[in-house]
Amino acid sequence: MNNLTKLEAVNMMLATIGEAPVSTITGGLPSDVALALRVLDEIDREVQSSGWTFNRDFNVELTLNSDSEVTLDANTLMVEGSNRSQNFAIRQGKLYDRSDRTFVFTSSPKVHITIGLDFEDLPIVARTYISHRAGRVYAERILGAVQNGLRSDEAISRTALESYESQSADYRLSDSLDVARVAYRRSPMDNFGG
């Protein structure tokens, strides 16, 4: 299962409703296979949009085009300013400065960027979670009933993905702004009597 391909994921999804596997997911497809592929792509995009260590880069300096605008790649899912004063959005395939209400920049902005990767380029834990989630969503759409066994598989694979994420990101409590506020706040007694 280390090489979980998109075809294998679609076949896993088809199995959830008792359908036979297919040998291709290109060309003219039966409606159930086409629907499975659409659901897989939908869930893939949804999961990756959350931003994970494998598809998110920090402090990326974007390049201005000849119109002083930043054209983003089609697979750009989210852009955040690298500091809190920046307020960016993706509009018309370009970076938009929401604070100044413009597409035009005077210098190359630095951003945190989330990129949509091809399914096969994702870590196996992400592909497994996406496949299980997509299989559950697909089965529930087709069969119209909650699939508790599939929900269990989805929960287990989500836990594995979150474990992978926490190990890869090396998160610390001190990295959290909320924790830092509590840990480093000044005591009201600091200014007492002084």
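Given Cα pairs under 8 Å that are at least 6 residues apart, what percent is the relative contact order of the chain? Each step should come with its number before you reach the end.
Working: 241 pairs, mean separation 45.8, N = 194.
That works out to 24 percent.
What percentages make up the Cα-Cα pair-distance distribution of segment 31-79 when the bins are 5 Å wide from 0?
Bin by bin from 0 Å, the calculated values are 4, 16, 19, 18, 14, 12, 9, 5, 3, 0.
Please report, as a whole percent, how much of the solvent-accessible surface of the chain comes from carbon and sulfur atoms (probe radius 1.4 Å). Each step should come with its number before you reach the end.
On the way: 5660 of 11780 Å².
Heavy-atom surface of the chain belonging to carbon and sulfur, 1.4 Å probe: 48 percent.
Over segment 8-82, calculate the relative contact order: mean separation of alpha carbon pairs under 8 Å at least 6 apart, over the residue count, as a percent. Display every interim value, and only then the final one.
Details: 30 pairs, mean separation 16.0, N = 75.
Here the relative contact order equals 21 percent.
State the extension gain, in nm to one decimal, for the chain segment bounded by Ser85 and Lys110, taking 0.36 nm per residue of separation less the distance between their alpha-carbons.
Details: separation 25, 0.36 × 25 = 9.00 nm, distance 1.19 nm.
That works out to 7.8 nm of additional length.
So, with +1 on the Cβ of K and R and -1 on the Cβ of D and E, and no other charges, what is the size of the charge dipole of the chain about its Cα centre, to the nearest 20 debye?
Values: 20 positive and 27 negative charges, 122 e Å.
Charge dipole of the chain: 580 debye, to the nearest 20.
Just to confirm a number: summing +1 for Lys and Arg and -1 for Asp and Glu over residues other than Val125 whose beta-carbon lies under 11 angstrom from that of Val125, what do you get?
Numbers: positive: Arg127, Arg158; negative: Glu162, Glu165.
Neighbour charge sum, excluding Val125 itself: 0.
With a probe of 1.4 Å, find how much accessible area segment 1-40 has per residue, and write the answer as a whole number in Å². Don't skip to the end; give the middle numbers.
Working: 2160 Å² over 40 residues.
For segment 1-40, the per-residue accessible area is 54 Å².
What translational diffusion coefficient, in µm²/s and rounded to a whole number, does the Stokes-Einstein relation yield for the chain at 25 °C and a viscosity of 0.890 mPa s, taking the hydrodynamic radius as the Kirkwood radius over Cα pairs? Before the final figure, lay out each step's value.
Details: Rh = 19.8 Å.
The calculation lands on 124 µm²/s.
Rg(Cα) of segment 1-108 divided by 2.2 N^0.38 Å?
On the way: Rg = 19.4 Å, N = 108, 2.2 N^0.38 = 13.0 Å.
With N residues counted in segment 1-108, Rg over 2.2 N^0.38 Å equals 1.49.
What per residue convex hull volume, in Å³, comes out for segment 47-116 when only alpha-carbon positions are used?
On the way: hull volume 6.0 nm³, N = 70.
Enclosed volume per residue, from the Cα hull, is 86 Å³.
Compare Arg158, Arg56, Arg91 in a GNM of the chain, Cα atoms joined below 10 Å, and give the one with the largest fluctuation.
Fluctuation is largest for Arg91.
Helix-derived [θ] at 222 nm for the chain: sum -39500 (n - 2.57) over DSSP H runs of at least 4, divide by residue count, nearest 500?
Numbers: 5 runs with 78 residues, N = 194.
Rounded to the nearest 500, it is -13500 deg cm²/dmol.
Could you state the angle between the C-alpha long axis of helix 148-169 and the longest principal axis of the C-alpha atoms of the chain, as a value from 0 to 90 degrees rounded to the nearest 10?
Here the helix axis deviates by roughly 40 degrees.
The values are calculated or read from the model by the stated rules, or taken from the named source; none is laboratory data. If you're wondering where the values come from, they're calculated on a predicted model, not measured in any experiment. FYI the Cβ positions are ideal-geometry reconstructions off the backbone, even for glycines, and counts take in every protein chain you see. Side chains included, ligands, DNA and RNA excluded: accessible areas come from the protein's heavy atoms. Shrake-Rupley method; radii C 1.70, N 1.55, O 1.52, S 1.80 Å.
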